[in-house]
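Participant: Have a look at this one before I ask anything.
The values are calculated or read from the model by the stated rules, or taken from the named source; none is laboratory data. Note that this is a predicted model, so its numbers are computed, not measured. Here the Cβ positions follow ideal geometry from the backbone for every residue, glycine too, while neighbour counts run over all protein chains shown.
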Amino acid sequence: MYKPPIKTKKSMNKLYLSLGSNIENRLYFIKQATKLINNKVGFVFEKSNIYETPAWGFESTKFLNTCICVHTKFTTKESLIEFQKIEKELGRKAKTSTGYQARPIDIDIIYASEGIFNTPSLVVPHPLMQDRKFVLVPLLDILPKYIHPLLHKNTKELLTECNDGSQIINYN
């Protein structure tokens with residue numbers, strides 16, 4: 001006799017994100033992205049302080065950066081698609097060159113409770129996070145003791161070993 005499969009409740013995915021903006025009004029874009037993520041992707045559970053940071057990897061105006069934690073029913077890959085829609089909604093343009101460029105909002109997935117991803121469209125943990133104080137300083141506010149699954153160091157250790165000499169200023 002046929003028995004239908006038992007439906008299990010889909011578990012929530014926890015995502016740690018880095019948000020950055022260096023096109024005015026930077027604070028508006030950070031707050032609006034957080035609001036849209038909360039409304040369209042999942043509950044924004046934690047927020048770091050907001051920090052002013054220099055552009056990294058290119059010459060441009062200063063950024064505002066923050067990290068947030070989102071609980072979502074979406075998979076990490078589904079969430080990425082939603083984040084890209086939010087970036088576009090807030091005015092982010094498609095890249096026209098290979099380097100970095102100014103942007104109203106940038107949303108990067110740093111960690112995902114689903115684990116490690118290494119595909120052409122998605123790499124998690126973020127492959128350069130350990131080199132970027134603009135990610136590590138805000139991340140330290142909300143996730144100081146989490147052990148990076150590939151580097152086997154917590155956020156505080158990664159920040160201590162980071163060679164990025166950028167000056168990070170608390171914007172709050």
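Participant: Among the listed residues LEU150, LEU159, identify the single one that is assigned to a loop (DSSP other than H, G, I, E, B) and out of contact with any Cys (no Cβ under 9 Å at 6 or more places or on another chain).
Facilitator: Details: LEU159 fails: assigned to a loop (DSSP other than H, G, I, E, B).
One residue alone meets the criteria, LEU150.
Participant: Hey, can you tell me all the residues within the range 10-28 that are closer than 19 Å to CYS69 by Cα, modelled with pLDDT under 95 and surrounded by 10 or more Cβ atoms within 10 Å (Cβ to Cβ)?
Facilitator: Residue satisfying the conditions is MET12 alone.
Participant: Can you find even one residue in the range 30-39 that is within 21 Å of LEU143 (Cβ to Cβ) and in a strand (DSSP E or B)?
Facilitator: no
Participant: Still on this structure, I have one more. If you check LYS47, LYS3, LYS7, which single one turns out to be charged (D, E, K, R), under 17 Å from the mean Cα position of the chain (by Cα) and either modelled with pLDDT of 95 or more or farther than 20 Å from TYR111 by Cα (or both)?
Facilitator: The match here is LYS47.
Participant: Counting only residues that are among the polar types (S, T, N, Q) and touching a residue at least 24 places away in the same chain (Cβ under 8 Å), which one in the range 147-166 is nearest to ASN65 (Cα to Cα)?
Facilitator: So the residue we want is SER166.
Participant: State the number of residues belonging to the range 161-172 that are over 16 Å from TRP56 (Cβ atoms) and under 20 Å from the mean Cα position of the chain (by Cα).
Facilitator: 3
Participant: Still on this structure: Here is a list of conditions, (1) polar (S, T, N, Q); (2) farther than 24 Å from GLY42 by Cα; (3) surrounded by fewer than 17 Cβ atoms within 10 Å (Cβ to Cβ), and SER121 meets all of them except one; can you say which number that is?
Facilitator: (2)
Participant: Working only within the range 16-54, note down all residues that are more than 18 Å from GLU89 (Cβ to Cβ) and of a type in the set (Gly, Ala, Ser).
Facilitator: SER18, SER48
Participant: Which residue pairs have Cβ atoms closer than 8 Å, lie 6 or more positions apart in sequence or on different chains, and pair a first residue in the range 92-111 that is in a loop (DSSP other than H, G, I, E, B) and at pLDDT 75 or above with a second residue that is of a type in the set (Val, Ile, Thr) and surrounded by 11 or more Cβ atoms within 10 Å (Cβ to Cβ)?
Facilitator: Close Cβ pairs satisfying both conditions: ARG92/ILE105; ALA102/ILE23; ALA102/THR61; ARG103/ILE23; PRO104/ILE23; ILE105/ILE30; ILE105/ILE86.
Participant: Oh, and also: For residues that are assigned to a strand (DSSP E or B) and among the β-branched types (Val, Ile, Thr), tally how many sit in the range 40-91.
Facilitator: Of the range 40-91, the ones assigned to a strand (DSSP E or B) are 42-47, 51-53, 63-72.
Then drop every residue that is not among the β-branched types (Val, Ile, Thr), which leaves 44, 53, 66, 68, 70, 72.
Total satisfying the criteria: 6.
Participant: Can we say ASN172 is within 17 Å of ILE50 (Cβ to Cβ), part of a loop (DSSP other than H, G, I, E, B) and in contact (Cβ under 8 Å) with a residue 24 or more places away in the chain?
Facilitator: When the stated conditions are applied, ASN172 passes them.
Participant: Sticking with this one: Could you tell me which of the residues PRO127, PRO144 is under 17 Å from the mean Cα position of the chain (by Cα), free of Cβ contacts under 8 Å to residues at least 24 places away in the same chain, under 24 Å from ASN172 (Cβ atoms) and surrounded by fewer than 18 Cβ atoms within 10 Å (Cβ to Cβ)?
Facilitator: So the residue among PRO127, PRO144 that is under 17 Å from the mean Cα position of the chain (by Cα), free of Cβ contacts under 8 Å to residues at least 24 places away in the same chain, under 24 Å from ASN172 (Cβ atoms) and surrounded by fewer than 18 Cβ atoms within 10 Å (Cβ to Cβ) is PRO144.
Participant: Which condition number does GLU82 fail, the rest of (1) touching a Lys or Arg at 6+ places or on another chain (Cβ under 7 Å); (2) farther than 24 Å from ASP141 by Cα; (3) at pLDDT below 95 being met?
Facilitator: If we test GLU82 against (1) touching a Lys or Arg at 6+ places or on another chain (Cβ under 7 Å); (2) farther than 24 Å from ASP141 by Cα; (3) at pLDDT below 95, just (3) comes out false.
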